[in-house]
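Peer 1: Pasting in a structure now, in C-alpha cells, and then I'll have a few things to ask.
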Amino acid sequence: MFTLLWPITVAAIAVSLLGPPVVHACQWSRCRNQPGDPGFPTAADWSALNDTISGRLIRVMPSAKACLELGCTEVQWESGVFRQTIPGAMYAYNWEQDYGPPPELCLRNGTTCAQGDVPLYAVNATAVQHIQAGIRFAQDHNLRVAIKSSGHDLLGRSTARNSLLLWTAYFKNITFVEQFSIAREDQGPAVTVGSGVGLKTIYGAAKAQNKMFVGGTAATVSPAGGYAQGAGHSAFSPIYGLAADNVLQYRVVLANSSFVTVNSMSHPDLFWALRGGGSGSWGVIIDATFRTFPIFNATLHTVNVLTVTLDQTGDLMTTHAMHIKDWDAVRAGQYFTLTGSTSNSTLLLMTAFKDLDGDASKAQMSSFLDDARALGAVVQEESTITSFANDLVTVLDDQSGYNVIISSRLIPNSVYLDAPSNIGTAYKQLLSQGVPAFIGNLVAGGKVADNANISSAIIPAWRAAKTHVIALQFWDDTLSAADVQSLRTNFTATVQPVLSDLAGGASSGSYSNEGDVLEPNFAVTFFGPNYSRLECIKAAYDPNDLFIVPAGVRSEHWDAEGMCQV
C-alpha cells in the first residue's frame, strides 16, 4: 500500500509550467467554452479562482504523464489506492484516452502524451466553499464540469475533456452516532462519511465501533461518491438491502452553488433522485449518512470449479443457476467469476454466509458442488474463513490502471426459476464470441426484493432480480486507437443483445454503475420507468445541465463529450 501527499507534490507541478491545452472548436448552437473560444477563462481568470480557493487549483495530467514525473513503479501504477491520489487518474485508464478520430492518447510507457479526456484543471477541495467557488466559476465561464472522488468508475463519468474537475477526495470525515434524527424523528444508529472516504477505511472505522456498514468489496469505492447514487450492492444486500436503501441523508452543493441538506423532509424529490438516479448528475456530494447495523460474524466460502469443454462450461452455469435458490433461506451473497474460452474455463465462487461457521457453509455449498463433479468438472481449493463481516469484505487495494469495458444485465429471479438452461446457453454464446471474463453478483433477492416499497429512483429491475451479471473485455496498449473503437462498438453490438434477451428483452434493466456506457437505450436500461420523473427533477435543480455524465439523465441532449447540445 502506498501513500502520496498529492497536494504537496503538485505544488512543484505548477499550472504555469504546463503547455497550453489542445484547442477544439464546436459547431453546435450551444456549447461549453473550450480553449480557443472567446469565453474561455484567461490566465488571469484561472489565477483569480486559485486565489479564491486558497491556492488549491491544480493543472491536471493524465496518469501516465503524472507517473512519469513522479517515477511510479509498476506496482504503484496498478494500485487503486495510489492512483486515487492522482487527480487525473481513472481506475480503468482507457477513460483517460480520446480514441478519436483523431486520437489523443497518453499511454503508460508511451513516447507522446496528449490530454485526451482528462480535465484541464481541478479544484482540490477540502471545504464546501471550494466546491461552491468552482461551480460559480464554471457557471460564469460556461465550462464543462466533472466530479470525481476516487476515480473508481467503469463508465468514464468522473472525467471529461477540457473540463474543470471538482475533486472531493479529501473530504475524509467519518462520524458515528447511535441516534440520527431527521425532523426530530430518530432513524437509529448511523454513520456520516465524506465523499472522499473509501470502503476500506469505513469498514475499519465501523469495526472499531462494533458496527457494520452495507458496502461492496473494493478498497477505493466511495460510498458517498457515486456508489449509492447508482444503487450500491453488497455481499450482504440480500440481508440488509442495497446501499441506497440505507441512505438517510445527503449534503450536496447544487448547480446554483447552494449547499443543502437532502433527506426525506428536506428536498425530498432530490432525495428520491439521489438514491438510484445515477452518479454525477445531481450535484457535488459533500457527505452522506447511512444506517449502521450491529457487527456480526460471517463465513466466506471460496471454491474453484474447472471445466475442459465449452459444453461442460454451459452445463456448469446451468447447474449453478439451478442451485442458486439453495442459499435463499440463509440469504447468502455470492460473487462468481468465470474466466475462460471455448475450451477450458474456471469458475471462482466466493459466498458470504452471515452467522454460519465453516462447516455449515460447506454444507450449504455441497449440493451444487456434488452436481458440478457429476458433470465431470474439477472442484478444488475449497476453503472457508470465519471472521467479523467487516474483515471479510475489506479489500486492501484494487488492481487498476488497465483497459476494460463492460456490459451487464440484472437477471430476474424468474429466469433462474423457470429457465435456468437459458443462462448456461448465454454463457456459451458469449464465450464463443470471445468474451474472456464474467462477474456474477448474487446480491439481490431477499431484502433487496422486500424493499420494493421504498420510494426511490432505483430501477424496479433490481427488485425482481436475482443476480447482476457483467461481461468484460480487456485490451492492452498495443491495440491501435482505431482498433479500440472497433472493439468497443463490436462489444456493445454483440454482447448487449445476448444479455438483454436473457434478462427479458428491450425492457430489461442494468445497474448503472456497472454497465455499458454505449447502451443503445440507456434511459430504459439504467432507469426504467423512473426516467421521466428524473428528467423533471434535474430540470428543477440543474436547469442548464451543468452536471452531465455519459449515459446519465439528460445526456441524450448533449454530444458524446458533454460539450455541445444536440
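Peer 1: Could you tell me the center-to-center distance, by alpha carbons, between the stretch 278-293 and the stretch 529-551 in angstrom?
Peer 2: 16
Peer 1: Quantify, in whole percent, the carbon and sulfur part of the accessible surface of the chain (1.4 Å probe; protein heavy atoms only).
Peer 2: Carbon plus sulfur share of accessible area: 53 percent.
Peer 1: Past the 15 angstrom mark, what percentage of all C-alpha to C-alpha distances in the stretch 504-566 do you count?
Peer 2: Counting pairs separated by more than 15 Å, the tail of P(r) holds 50 percent.
Peer 1: Translational diffusion coefficient, Stokes-Einstein: compute it for the stretch 110-157 using the Kirkwood radius over C-alpha pairs as Rh, at 10 °C and 1.306 mPa s, and state it as an integer in µm² s⁻¹.
Peer 2: Calculated translational D: 125 µm²/s.
Peer 1: For 350, 265, give the ranking by accessible area with the largest first, probe 1.4 Å.
Peer 2: The ordering from most to least exposed comes out as 265, 350.
Peer 1: Using only alpha-carbon positions, what ratio does the radius of gyration of the stretch 238-314 give when scaled by 2.2 N^0.38 Å? Please report the intermediate quantities before stating the final value.
Peer 2: Details: Rg = 19.9 Å, N = 77, 2.2 N^0.38 = 11.5 Å.
Taking the Cα Rg and dividing by 2.2 N^0.38 Å, one obtains 1.74.
Peer 1: Which residues does the label zone of residue 452 cover in the stretch 235-254, counting backbone N under 18 Å from a point 7 Å along Cα→Cβ?
Peer 2: 238-242, 245
Peer 1: Can you tell me the length gained on complete extension of the stretch residue 375 to residue 479, counting 0.36 nm per residue apart and subtracting the Cα distance?
Peer 2: That works out to 33.6 nm of additional length.
Peer 1: At a Förster distance of 25 Å, what's the computed FRET efficiency of residue 329 paired with residue 350, Cβ-Cβ distance as r, to 0.05?
Peer 2: The formula returns an efficiency of 0.80 here.
Peer 1: When you take every Cα atom in the stretch 255-365, what is the radius of gyration, and what is Dmax, the widest Cα pair distance, in Å?
Peer 2: When restricted to Cα atoms, the stretch 255-365 yields Rg and Dmax of 21.2, 59 Å.
Peer 1: Still on this structure: Using a Förster distance of 25 Å, how high is the FRET efficiency between residue 363 and residue 421, based on the Cβ-Cβ distance and rounded to 0.05?
Peer 2: Here the calculated transfer efficiency is 0.40.
Peer 1: Equivalent ellipsoid semi-axes for the stretch 440-523, as square roots of 5 times the alpha carbon gyration tensor eigenvalues: give them largest first, rounded to whole Å.
Peer 2: One finds semi-axes of 30, 13, 11 Å for the stretch 440-523.
Peer 1: Between residue 560 and residue 112, what is the label-point separation in nm under the 7 Å Cα-to-beta-carbon projection?
Peer 2: 2.0
Peer 1: Now for a separate question. Over the Cα atoms of the stretch 399-443, what Rg and Dmax result, in angstrom?
Peer 2: Taking only Cα atoms of the stretch 399-443, I get Rg and Dmax of 12.9, 40 Å.
Peer 1: From Cα pairs below 8 angstrom and at least 6 apart in sequence, can you work out the relative contact order of the chain, rounded to a whole percent?
Peer 2: Relative contact order here is 16 percent.
Peer 1: Keeping all protein chains in place and using 1.4 angstrom, which order do 536, 106 fall into by accessible surface area, from largest down? Before the final figure, lay out each step's value.
Peer 2: Numbers: 536 90, 106 5 Å².
From most accessible down to least: 536, 106.
Peer 1: Right, another one. Can you quote the Å³ per residue value for the convex hull of the Cα atoms in the stretch 322-422, rounded to an integer?
Peer 2: For the stretch 322-422, the hull spanned by Cα atoms encloses 158 Å³ per residue.
Peer 1: Looking at the stretch 65-211, what % of the alpha carbon pairs are farther apart than 19 Å? Could you put the intermediate results ahead of the total?
Peer 2: Working: 6530 of 10731 pairs.
For the stretch 65-211, the fraction of Cα-Cα distances above 19 Å is 61 percent.
Peer 1: Using a 7 Å offset from the Cα along the Cα-to-Cβ direction at both residue 494 and residue 295, what is the distance between the two label points in nm, to one decimal?
Peer 2: About 4.9 nm, to one decimal.
Peer 1: Would you check the accessible area of residue 272, probe 1.4 Å, heavy atoms only, in square angstrom rounded to 10?
Peer 2: 10
Peer 1: Write down Rg/Rh for the chain, rounded to two decimals, with Rg from the C-alpha atoms and Rh from the Kirkwood relation over Cα pairs. Provide the component values of the computation, followed by the final result.
Peer 2: On the way: Rg = 23.0 Å, Rh = 24.1 Å.
In the chain, Rg relative to Rh is 0.96.
Peer 1: Quick one: if you stick a label point 7 Å off each Cα along the C-beta vector at residue 402 and residue 265, how many nm between them?
Peer 2: My value for the distance between the label points is 4.8 nm.
Peer 1: Taking only Cα atoms of the stretch 413-566, what ratio of Rg to Rh do you get with Rh as the Kirkwood inverse-distance radius?
Peer 2: In the stretch 413-566, Rg relative to Rh is 0.99.
Peer 1: Here is a follow-up. Lys/Arg Cβ at +1, Asp/Glu Cβ at -1, dipole of the chain taken about the Cα centre: which of 238, 261, 219 is farthest positive-ward?
Peer 2: 261
Peer 1: Still on this structure: Along its principal axes, what span do the Cα atoms of the stretch 205-258 show, with the longest given first and each in whole Å?
Peer 2: 38, 24, 21
Peer 1: Let me ask something additional. Subtract the Cα-Cα distance of residue 256 and residue 45 from 0.36 nm times their separation in residues, and report this length gain in nm to one decimal.
Peer 2: 74.0 nm
Peer 1: Could I ask something else about it? Give, to the nearest whole percent, the P(r) tail of the stretch 365-461 beyond 19 angstrom, counting all Cα pairs.
Peer 2: That fraction is 68 percent.
Peer 1: Hey, can you find the accessible area per residue of the chain for me, probe 1.4 Å, expressed in square angstrom?
Peer 2: Normalised by residue count, the accessible surface of the chain is 37 Å².
Peer 1: Ok, one more. Calculate the FRET efficiency for residue 173 and residue 139 from the Cβ-Cβ distance with a Förster distance of 25 Å, rounded to the nearest 0.05.
Peer 2: 0.40
The values are calculated or read from the model by the stated rules, or taken from the named source; none is laboratory data. Here the structure is a predicted model, which means the values were calculated and not measured. Don't worry about glycine lacking a Cβ; one is built from the backbone with ideal geometry, like all the others, and counts go over all protein chains shown. Heads up: the accessible areas ignore ligands, DNA and RNA and are worked out on the full protein's heavy atoms, side chains in. Shrake-Rupley method; radii C 1.70, N 1.55, O 1.52, S 1.80 Å.
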